1. What residues does the stretch B:2-21 have that are buried by at least 30 Å² of accessible area in the full protein assembly compared to the chain on its own, 1.4 angstrom probe?
2. Find the accessible area per residue for the stretch B:1-144; the probe is 1.4 Å, ligands and nucleic acids are left out, and the unit is Å².
3. Mind running the shape call on the stretch A:89-197? Use the C-alpha gyration tensor, a ≥ b ≥ c as the square roots of the eigenvalues: rounded below 1.5 for a/c, prolate if a/b tops b/c, oblate otherwise.
4. The stretch B:163-241: which GluC sites (Glu not before Pro) are DSSP loop and have at most 15 other beta-carbon atoms within 10 angstrom?
5. Give me the net charge of A:Phe68's neighbourhood, meaning all other residues with Cβ under 13 Å from the Cβ of A:Phe68; Lys, Arg count +1, Asp, Glu -1.
6. For the stretch A:38-197, what does the accessible surface come to per residue with a 1.4 Å probe? Please give it in Å².
7. On a straight-distance basis, which aspartates and glutamates could pair with B:Lys261 in a cross-link, Cα separation under 14 angstrom, same-chain partners fewer than 8 positions away excluded?
8. Do any trypsin sites (Lys or Arg not before Pro) in the stretch A:111-197 lie in a loop, going by DSSP, with at most 11 other beta-carbon atoms within 10 Å of their beta carbon, and if so which?
Amino acid sequence: MTKIGVLGLQGAVREHVRSIEESGAEAVVVKWPEQLDELDGLILPGGESTTMRRLMDRYGFMEPLRAFGESGRPMFGTCAGLILLAGEVAGYDEPHLGLMDIKVERNSFGRQKESFEANLVIKGVADDYNAVFIRAPHIVSAGERTEILAECDGRIVAARNGQYLGCSFHPELTDDHRITAYFVKMAEQAKASLAHS
Amino acid sequence: MNTGTDRVKRGMAEMQKGGVIMDVVNAEQAKIAEEAGAVAVMALERVPSDIRKAGGVARMADPRIVEEVMNAVTIPVMAKARIGHIVEARVLEAMGVDYLDESEVLTPADEEYHLLKSDFTVPFVCGCRDIGEAARRIGEGASMLRTKGEPGTGNIVEAVRHMRKVNAQVRKLVHMNEDEIMTEAKIHGAPFEVLMQIKKEGRLPVVNFAAGGIATPADAALMMELGADGVFVGSGIFKSENPAKFARAIVEATTHYQDYKLIAELSKELGEPMKGLEIAGIAAADRMQERGW
């Protein structure tokens, strides 16, 4: 069975676990870097990106996570997770993991009272997707090899760059598991092709 | 695009899970908290132990302090309004505060009615000691709960009592027959619909944090062990000898609450924690947990 990890340092971990299981894969809560070895894919959940980054530094997660992505195994970042994956964060000198060829801006829709739900078309996933945005970032610009999957109000809110998938909103907060299922499929395909190489 | 929906308000609290929300009284403390890994800060004029000492009427913080904290950090900022004080809550909402605490730490403005929190776009957190209070607050529109504990004491005993009680009552409810829920609602003064929802989902429909008396990393880990979704630390951090180190230790103990060797390491040479208060030594009239209805 395909094993998908959820980085379990802080945030909406339980919801992603449920969504992975609903999508027919095995879920693992990852609290230490050694756990990465057994995984076929990894989700960086929603939460507070500054908190997760502090804890990632404290427990030596940065290099193992970069190596995980560079090995070709898929990673999916939602909201805070998207910020962690991004190659560039507007207003900051350094990105976090810097793996995905996108530039993101934090809290770009405003403060909590501006948080919202909206219906989206997500290319290859759904044309009627109810997305929950909470103090959400958005993708300011994407590299040539990055495919834009969804926009909201003229802003990019979901994209894929090779093995990296990211979105501004929180698929884990609804019962619609289609985007998680899409990611599980990415992990299954990567597992099959990595086994052949 | 819909703002202020239940999903958006409750979802905001879901994102705070496994984290520590710290009380701060100025921008400098807010930055220390953010740097230590707090998931949010609560902007206050005084921490609960100082409110207790100062006596008199405790009100919403000076908006300048709240604004200063909002400008200092990128993590969410919470603030407290008095129980039932519609205008304090509306003022804080208008300022763009991310989450409001209708809090018994402040002197209540209304001794009969809480705010109708479903009327607001900003989400609310409220304190509870049992399932009746929890369900009434959810019924009024609270998007997040926390134990009341006994704020400003550095004594964990009341928070433990409240967390155990709510969780035991949720477990009982889940195992009851549906035709018994109405009587349970009557006994607890709880809205029937909320109890039915708890029964069907097998848990509270909103996250429940621990608050009120957490003074050490082990206290934070204990509350997580008892089923808290995260912790609020009020007076504990900035009343300790080395706040930055203390704050980092509490954050790590909350994440790895079952890693006892790590908690032992974190707890070494932290300096004096805040001086605690024995609950029995506090007159009934001075117990903040008795506020709220």
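The values are calculated or read from the model by the stated rules, or taken from the named source; none is laboratory data. Predicted model, so just to flag it, every value in this text is computed and none were measured. Here the Cβ positions follow ideal geometry from the backbone for every residue, glycine too, while neighbour counts run over all protein chains shown. Remember, those area values only see protein heavy atoms, side chains included, never the ligands or the DNA or RNA. Shrake-Rupley method; radii C 1.70, N 1.55, O 1.52, S 1.80 Å.
1. B:Asn2, B:Thr3, B:Arg7, B:Val8, B:Met12, B:Glu14, B:Met15, B:Lys17
2. That works out to 34 Å² per residue.
3. Oblate, because a/c is 1.5 or more while a/b does not exceed b/c.
4. B:Glu241
5. Local charge sum for A:Phe68: -3.
6. It amounts to 37 Å² per residue over the stretch A:38-197.
7. Answer for B:Lys261, where 14 Å is the Cα cut-off: B:Glu252, listed by chain and number.
8. On the way: sites: A:Arg111, A:Lys113, A:Lys123, A:Arg135, A:Arg145, A:Arg155, A:Arg160, A:Arg178, A:Lys185, A:Lys191; in loops: A:Arg111, A:Lys123, A:Arg135, A:Arg145.
Filter output for the stretch A:111-197: A:Arg145.
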